[in-house]
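Chemist: Below is one structure. I have some questions about it.
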Amino acid sequence: MRDMKIVIKGAGEMATGIACRLFMANLKLLVMMEIPQPITVRRTVAFSEAVYQSEKEVEGVKAEYAGNFADIFDVWRRRNIAVIVDPEWRFVNELKPDVVVDAIMAKRNTGTKREESTLVIGVGPGFTAPRDVHAVVESNRGHDLGKVIYSGSAEPLTGMPGSTMGYTKERVLRAPHGGLVSHIKDMGDEIKKGDLITDGSADINEIFKFGNKELAEEYIITEINKVYELQGASISRKHIEIIIRQMFSRRRIKDAGDTPFSPGEIVENIELIDENEKIKEEGGKEAKAEIAILGITEVSLTTKSWLSAASFQNTNRVLINNAVRGGIDELRGLKENVIIGRLIPAGTGFVSKTKEEK
């Protein structure tokens with residue numbers, strides 16, 4: 001029994017569980033066959049990670065990546081499980097295993113045949129015994145989990161992950177793009193909507209959408225601080241918070257109501273509040289808007305002062321737009337007053353319009 005050579009197709013979490021049990025049962029001659037870029041869901045508990053990291057240990061059992069057929073035997077001599085990239089299972093014929101286990105969990109038979117070994121086992125739906133394999137093992141959660149079927153098939157694919165704490169499909173998070181993923185959360189960690197679970201750059205708009213404003217603001221602060229820390233410098237949060245306040249100071253109009261705004265227009269929050277107060281006093285319909293997260297450049301170009309915006313970037317565009325609209329600059333800010341040589345509306349010498357009226 002100890003000299004039995006066992007091939008396991010796949011090295012995901014299910015295949016890893018099977019390999020661990022066999023290894024601990026003193027069946028050490030195990031080789032797992034994977035694709036060049038494994039797409040395992042529970043990577044932290046899967047031997048497929050050996051393809052990326054050269055080795056992976058799960059519950060005290062170590063698997064090593066084997067670069068070629070000869071490396072398999074070197075790994076076995078070190079008393080470890082071999083993981084090799086062989087998506088077409090070419091080494092099955094060369095190795096002549098005593099047992100073949102298809103644990104790819106593709107929910108269908110991807111080509112496994114009874115003739116591959118003395119004992120061929122299929123795990124999960126997609127296999128029929130004794131037509132495709134000698135035996136099928138049930139993989140669906142419930143009373144029959146692990147049941148060996150010698151005639152028939154496993155339960156069909158439901159398309160829905162098993163329920164945990166009342167969550168099913170919500171538990172499966174899929175990357176929107178291809179590439180390598182580096183996790184910052186471990187199996188069993190409790191997370192909430194909006195939390196980051198992987199390393200790398202995140203979309204601020206998505207953090208705001210799925211989390212909240214505070215999470216998005218904290219992410220920006222953390223990322224900016226990283227840049228300064230790499231240079232050995234430190235910066236107070238208050239300076240970054242002033243910038244972030246401006247980034248969140250714009251509103252995108254969803255319903256203009258009776259205001260002069262247009263749907264989709266980006267306006268300053270204070271401008272929206274002022275217009276809504278006027279409309280409310282007149283008994284009209286107020287505008288409805290949502291927070292628009294803008295970069296510093298866009299914030300500068302959407303300021304109410306067209307003098308300030310035109311002096312920053314896209315001068316022609318800003319001037320033409322305001323000329324067409326008949327824009328009025330009320331000179332409320334510092335920059336526009338400096339441009340035309342007026343006293344800035346700030347400091348101990350500044351007398352407000354309200355005070356002058358009184």
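Each value in this text was obtained by applying a stated rule to the coordinates, not by laboratory testing. Bear in mind the structure is a predicted one, so any value in this text is a computation, not a measurement. Note that we place each Cβ from the backbone using ideal geometry, even for glycine, and neighbour counts take in every protein chain shown.
Chemist: Starting from the Cα of Arg42, step 7 Å along the direction of its Cβ; do the same at Gln313; then give the gap between the two resulting points in nm.
Modeler: About 4.7 nm separates the two model spin labels.
Chemist: Give me Rg over Rh for the range 197-256, both radii from the alpha carbons and Rh done the Kirkwood way, two decimal places. Can you show the working numbers first?
Modeler: Details: Rg = 13.6 Å, Rh = 13.0 Å.
Using Cα coordinates only, the ratio equals 1.04.
Chemist: How big is the range 6-153 by Rg and Dmax over its Cα atoms, in Å?
Modeler: Just the Cα atoms of the range 6-153 yield Rg and Dmax of 14.2, 42 Å.
Chemist: Cα axis of helix 237-247 to longest principal axis of the chain: angle in degrees, 0 to 90, nearest 10?
Modeler: For 237-247 against the chain, the angle is about 80 degrees.
Chemist: Tell me, what ³J(HN,Hα) does each residue in the range 128-142 have, in order and in whole Hz, if you take phi through Karplus 6.51 cos²θ - 1.76 cosθ + 1.60 with θ = phi - 60° and put x for Gly and Pro?
Modeler: With coefficients 6.51, -1.76 and 1.60, one gets 10, 9, x, 5, 8, 9, 6, 8, 10, 10, 5, 10, 6, 4, x Hz.
Chemist: Note down the nm distance, to one decimal, between modelled labels 7 Å out along Cα→Cβ at Leu157 and at Arg114.
Modeler: Distance between label points: 2.5 nm.
Chemist: Taking H as built 1.01 Å from N, whose amide H comes closer than 5 Å to the amide H of Ile149, not counting residues under 5 places away?
Modeler: Val136, Val137, Glu138
Chemist: Okay, moving on. Give a residue-ordered list of calculated ³J(HN,Hα) values for the range 149-161 (Karplus: 6.51 cos²θ - 1.76 cosθ + 1.60, θ = phi - 60°; whole Hz; x for Gly, Pro).
Modeler: Working through the residues one at a time gives 10, 9, 8, x, 10, 6, 4, x, 5, 8, x, 10, x Hz.
Chemist: Something else now. Expressed in nm to one decimal, what extension gain is obtained for the pair Asp98 and Ser249 from 0.36 nm per residue of sequence separation less their Cα-Cα distance?
Modeler: 47.6 nm is the gain from fully extending Asp98 to Ser249.
Chemist: Here's a follow-up. If you take the charge dipole of the chain about its Cα centre, with +1 on Lys and Arg Cβ and -1 on Asp and Glu Cβ, which of Ile242, Gly333, Gly194 is farthest toward its positive end?
Modeler: Going by the charge dipole, the pick is Gly194.
Chemist: Something else: To the nearest 20 Debye, how big is the dipole of the chain about its Cα centre, given +1 on the beta carbon of each Lys and Arg and -1 on that of each Asp and Glu?
Modeler: Once rounded to the nearest 20, the dipole reads 280 debye.
Chemist: Determine the distance separating the Cα centre of the range 2-74 from the Cα centre of the range 178-202; give it in Å without decimals.
Modeler: Each part's Cα centre sits 24 Å from the other's.
Chemist: In percent, how large is the relative contact order of the range 6-153, given Cα pairs closer than 8 Å and 6 or more residues apart?
Modeler: Working: 311 pairs, mean separation 29.1, N = 148.
Relative CO of the range 6-153 lands at 20 percent.
Chemist: Right, here's the next one. Could you list which residues have their amide H under 5 Å from that of Ala292, counting only those 5 or more apart in sequence or on another chain, with H placed in the peptide plane?
Modeler: Close amide H contacts, sequence-distant or interchain: Arg250, Arg251, Arg252.
Chemist: How far is it, in nm, from the label point at Asp74 to the one at Lys62 when both lie 7 Å from their Cα along the line to the Cβ?
Modeler: 1.5 nm
Chemist: Still on this structure, please answer the following. To the nearest 10 degrees, how steeply does helix 315-325 sit against the main Cα axis of the chain, on a 0 to 90 scale?
Modeler: So the inclination is approximately 60 degrees.
Chemist: Shifting gears a bit: Using the structure shown, select from Lys9/Lys56; Lys169/Lys209; Lys238/Lys285; Lys213/Lys288 the pairs with a Cα to Cα distance greater than 26 angstrom.
Modeler: The answer is Lys238/Lys285.
Chemist: A follow-up question, please. What is the distance in Å between the Cα centroid of the range 83-136 and that of the range 245-278?
Modeler: Rounded to whole Å, the Cα centres lie 62 Å apart.
Chemist: Right, another one. Using modelled backbone amide H atoms (1.01 Å from N, in-plane), which distant-in-sequence or interchain residues come within less than 5 Å of Val83's amide H?
Modeler: Met32, Glu64, Tyr65, Ala66
Chemist: Pick the calculated mean projected area of the Cα convex hull in nm² for this structure from (i) 18.3; (ii) 29.2; (iii) 50.7?
Modeler: So the structure-derived entry is (ii).
Chemist: Given the -39500 (n - 2.57) contribution per DSSP H run of 4+ residues, what per-residue ellipticity at 222 nm results for the chain, rounded to the nearest 500 deg cm²/dmol?
Modeler: -9000 deg cm²/dmol
Chemist: Rounding to the nearest 10 and keeping the result within 0 to 90°, find how far the Cα-based axis of helix 213-230 lies from the longest principal axis of the chain.
Modeler: Roughly 80 degrees, rounded to the nearest 10.
Chemist: Per residue of the range 178-185, in order, report the coupling 6.51 cos²θ - 1.76 cosθ + 1.60 (Karplus, θ = phi - 60°) as ³J(HN,Hα) in whole Hz, putting x for Gly and Pro.
Modeler: Couplings: x, x, 8, 10, 10, 7, 10, 10 Hz.
Chemist: Identify all aspartates and glutamates with a Cα-Cα distance to Lys185 below 14 Å; exclude those on the same chain that are fewer than 8 residues away in sequence.
Modeler: Asp195, Asp199
Chemist: Using alpha-carbon pairs under 8 Å, 6+ residues apart, how would you state the relative contact order of the chain in percent? Show your work: numbers first, answer last.
Modeler: Values: 553 pairs, mean separation 27.6, N = 358.
Contact order relative to length: 8 percent.
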